[in-house]
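A short write-up of the structure that comes next.
The values are calculated or read from the model by the stated rules, or taken from the named source; none is laboratory data. These numbers were taken from a predicted model, which means no experiment stands behind them. Positions of Cβ are generated from backbone atoms using ideal geometry, with glycine treated the same way; all protein chains shown enter the neighbour counts.
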Amino acid sequence: MQTQEFANAAFESMRQHGIPPSPENFTIWFHYHSDTYGDLTRLVDKRIQDAEPFDEQHNDELYARFFGGDQRKITLGAAAGTERILQEVLSKISTAKTNVAGYAAFLQDTSEALGGDAGVRNIETLISALIEQTGVMQKRNEVLERDLQKSTEQVVILRRDMEAIQRDAQTDGLTNIANRKRFDATLREAVAAAEVDGKPLCLILADIDHFKKFNDLYGHQMGDQVLKLVGRTLRDCIRDGDLPARFGGEEFAVILPNADLAEAAEIGDRIRKTIATRRIVRRDSKVELGAITTCIGVALYQKGEPIPALIDRADEALYVAKRTGRNKVVTEEQMNDPDRNAF
């Protein structure tokens with residue numbers, strides 16, 4: 001599988017450049033070799049070309065930029081904001097309780113005063129004081145209501161921010177479809193559901209033909225445009241409930257719940273044909289660079305099997321499609337005879 005190749009290449013690069021094999025550094029170099037992020041690839045390539053060392057500070061900066069530094073700050077900031085609002089609300093409620101207790105004591109004193117002879121003689125004074133204190137209490141309640149409304153609005157904003165953070169954490173920044181983290185989690189959920197309800201579940205793996213050559217010829221920016229196009233095409237061609245994801249580099253995946261092998265192959269071929277009909281055009285010169293094609297492998301989940309086995313079969317079918325001419329869809333049933341009934 002390509003995943004193993006990327007992992008081996010990452011370890012070798014870290015060895016060549018004298019980089020400690022930490023999880024953070026491995027993440028950087030794995031995604032460099034899988035070309036997940038064009039900006040990361042360009043930054044690393046430039047540093048290699050300039051013969052600059054990959055010291056600890058630079059490694060930390062790369063990891064923070066591409067794998068969660070800012071996002072972690074935002075998350076911590078949102079949590080701190082929520083705690084601050086909660087403390088403010090509790091403080092306001094405590095003050096309100098004190099005010100209510102004071103008002104209740106005043107009413108009690110007024111009631112007792114009205115019950116005596118002095119109260120009858122000073123009734124106008126007592127009523128005036130009662131009206132005054134009631135007005136004060138009313139204003140305090142109005143202030144409390146406004147403050148609580150403001151706090152509610154702040155909580156809504158924080159919740160929206162947190163939802164955006166969670167969404168961004170599960171979305172590939174370039175193609176705007178699910179990233180590998182969300183793919184892994186969703187596939188686990190889909191397999192668990194298939195085990196319970198017995199409905200079919202299929203997996204598509206798709207790879208852009210000759211993408212490295214295209215990148216070398218036209219540059220990473222045009223390569224990024226190709227990746228975006230494939231991401232849009234996946235969204236356009238799948239059903240409601242299917243999940244398109246960037247699997248790594250130029251490889252994509254689609255999780256198809258409640259789809260048998262034949263239906264999944266039809267969806268895969270719709271994706272393949274749609275991509276092949278679209279043209280890549282330079283935005284600056286309007287020069288057409290031609291079409292791109294994809295190879296697609298399709299596998300059906302077998303009850304009780306480990307998830308890596310499903311991914312491996314889809315990956316094997318994908319590579320059969322590559323070895324037998326590219327720009328085709330091959331299912332796991334066709335791997336031994338890919339030209340028979342292949343799309």
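What to note about this one:
- Enumeration of residues in segment 185-209 that are of a type outside the set (A, V, I, L, M) and loosely packed, with under 15 Cβ neighbours inside 10 Å: R188, E189, E195, D197, G198, K199
- Within segment 238-249, the residues that satisfy the criterion of being surrounded by 16 or more Cβ atoms within 10 Å (Cβ to Cβ) and out of contact with any Gly (no Cβ under 9 Å at 6 or more places or on another chain) are I238, D242, L243, A245, F247, G248, G249.
- Evaluation of G18 against (1) in contact with a Phe, Trp or Tyr (Cβ under 8 Å, 6 or more places away or on another chain); (2) under 20 Å from N179 (Cβ atoms); (3) surrounded by fewer than 16 Cβ atoms within 10 Å (Cβ to Cβ) (one fails), failing number: (2)
- In the set (1) assigned to a helix (DSSP H, G or I); (2) farther than 30 Å from V320 by Cβ; (3) at pLDDT 85 or above, E12 fails one condition alone, (2).
- Of residues in segment 21-35 being assigned to a loop (DSSP other than H, G, I, E, B) and free of Cβ contacts under 8 Å to residues at least 40 places away in the same chain, the one surrounded by the fewest Cβ atoms within 10 Å (Cβ to Cβ): P21
- Scanning segment 142-198 for residues that are among the small types (G, A, S), outside any helix (DSSP H, G or I) and at pLDDT 85 or above gives A178, G198.
- Segment 197-229, residues that are under 20 Å from T186 (Cα atoms) and of a type in the set (V, I, T): I204
- Scanning segment 210-237 for residues that are touching a Pro at 6+ places or on another chain (Cβ under 8 Å) and surrounded by 16 or more Cβ atoms within 10 Å (Cβ to Cβ) yields G231, L234.
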